[in-house]
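The values are calculated or read from the model by the stated rules, or taken from the named source; none is laboratory data. All of these numbers come straight from a predicted model, not from anything done at the bench. So basically every Cβ, Gly included, is an ideal-geometry build from the backbone, and we count neighbours across all protein chains shown.
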Amino acid sequence: MADPLNPTPRTHQHGDFAREETRLAHRNHGVLLELLRHDLTPVGAHYLLTHFDVPWVPDAADWRLDIGGLVERPGSVSLAELQSRPYAEEIVTLECAGNGRALIEPRWQSQPWHDEAVGTAAWGGTLLAPLLEERGLGDGVVDVVFEGSDRGIDGGVEHAFARSLTLDQIRESGVLLAWSMNGHPLLPQHGFPLRVIVPGWFGMASVKWLSRITLIDTPFDGYQQRKTYVYRQDAADEGVPVRGLKVRALMVPPGIPDWYSRTRVALPEAQRLFGRAWSGHGVPIERVEVSADGEWHDATLAAPVGRFAWRAWHWDWQATPGPHELMCRATDANGRTQPIEPVWDTAGFGNNACQRVSVWVRDTAADT
């Protein structure tokens, strides 16, 4: 690792990322890792992935949610009618299934996330399951389909973004129809006026700009359900659907950053390292470890802030002059621990390998 205080002349490498990926990266953004100190991610800093365009909703008072398919009383419902129902709020950590994609080699060209595609918010709305039950569930319901009003083309297929869950998954996860985020109405980019929140699952399940719910008697075969968001080892692999979050920990990088490389520069003194850890389907975090140059130490866990929310941790590091590599890894109550190296996936889904942070600890005497 080069000393960022004495850099060599910078040269740009071409070919690592496609021009299209750069355009995607401008449209979408991840959390600033220094903002992991917030229990609730500030709304403007929460990670954002928009597949197509943000739909235009000029007046929420005119908006309607259609409910149909295998229900005894199909029809539509207004936002005001939903807001008159019993209110529920859940603190939920959402993470993009492609988080860490840029760190897998060879790398699938898509939204080039590193570690930052995550955020935690207090989502407010009403539980979905009672609403469906009041409508009268028909016989033979297999899937409940959530369709957003965003539409585009992916893989040569034109479609509205849509995903499905089973009734059991909806009940077990406590799926919300959410109209607020951290106590404020949803912003347009976060799904205004209404979105789905599926606690404990990767973010693709939490359909934004919800326009229609349809109960069907066959497995949903929409593009975003069957053609993508599937773990595959090669193109011919039928694969395994992406569902619950994987166990993961992230740290706030210590010190100050070099502008271009983001390598950290710190002083030779005690450094309190701070971060967050989470897992899927509401499984608690039981342990976080921190490595300084390959030697692992147990971190101290803070009290949980919610069943489906990340958990804070800290560890005190005595920094000494020279280059260092810090890592962190989490273990959940089911005994799942993060891998040190990425696990291969053709589309770069589910990479929960340990975060690596390069830190150059300066020699104070030499720098004065």
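For this structure, a couple of remarks:
- Flag for LEU65 being out of contact with any Cys (no Cβ under 8 Å at 6 or more places or on another chain) and either over 18 Å from ASN182 (Cα atoms) or assigned to a loop (DSSP other than H, G, I, E, B) (or both): yes
- Test: THR41 is surrounded by 15 or more Cβ atoms within 10 Å (Cβ to Cβ) and either more than 26 Å from SER211 (Cα to Cα) or among the acidic types (Asp, Glu) (or both): yes
- Looking only at the stretch 116-130, and only at residues there that are in a helix (DSSP H, G or I) and free of Cβ contacts under 8 Å to residues at least 60 places away in the same chain, the one that is farthest from LEU40 (Cα to Cα): PRO130
- Only one of GLN271, GLN233 that is assigned by TED's automatic domain parsing to the domain that holds ARG362 and among the polar types (S, T, N, Q): GLN271
- Within the stretch 62-80, the set of residues being exposed (fewer than 12 other Cβ atoms within 10 Å of the Cβ) and more than 12 Å from LEU194 (Cα to Cα) comprises ASP62, GLU72, ARG73, GLY75.
- Filter result for ASP59 (without any contact (Cβ under 8 Å) to a residue 12 or more places away in the chain and among the charged types (D, E, K, R)): yes
- Condition check for THR346: more than 30 Å from GLN109 (Cα to Cα) and polar (S, T, N, Q): no
- Of the residues in the stretch 101-112, none is within 17 Å of the chain's Cα centre (by Cα), part of a strand (DSSP E or B), under 20 Å from GLY348 (Cα atoms) and among the hydrophobic types (A, V, I, L, M, F, W, C).
- Residues located in the stretch 151-178, provided they are surrounded by 22 or more Cβ atoms within 10 Å (Cβ to Cβ) and either assigned to a strand (DSSP E or B) or touching a helix residue (DSSP H, G or I) at 6+ places or on another chain (Cβ under 7 Å) (or both): PHE161, ARG163, SER164, LEU165, VAL175, LEU176, LEU177, ALA178
- Note on the stretch 78-114: residues that are in contact with a Lys or Arg (Cβ under 8 Å, 6 or more places away or on another chain) and without any contact (Cβ under 8 Å) to a residue 40 or more places away in the chain amount to 1.
- Only one entry in GLN224, GLN271 is among the polar types (S, T, N, Q) and in a strand (DSSP E or B), namely GLN271.
- Number of the exception - GLN271 against (1) free of Cβ contacts under 8 Å to residues at least 12 places away in the same chain; (2) within 19 Å of ALA302 (Cα to Cα): (1)
- No other residue among ASP316, ASP345 is charged (D, E, K, R) and either assigned to a loop (DSSP other than H, G, I, E, B) or farther than 26 Å from LEU35 by Cβ (or both) apart from ASP345.
- Complete set of residues in the stretch 183-202 that are among the aromatic types (Phe, Trp, Tyr) and in contact with a helix residue (DSSP H, G or I) (Cβ under 9 Å, 6 or more places away or on another chain): PHE192, TRP201
- Restricting ALA303, ALA333 to those that are under 30 Å from GLY124 (Cα atoms) and without any contact (Cβ under 8 Å) to a residue 12 or more places away in the chain reduces the list to ALA303.
- Meets criteria (farther than 18 Å from GLY255 by Cα, of a type outside the set (Gly, Ala, Ser) and buried (at least 21 other Cβ atoms within 10 Å of the Cβ)) for GLN338: yes
- Only one of LEU326, LEU267 that is crowded, with 21+ Cβ neighbours inside 10 Å, of a type in the set (A, V, I, L, M, F, W, C) and out of contact with any His (no Cβ under 6 Å at 6 or more places or on another chain): LEU326
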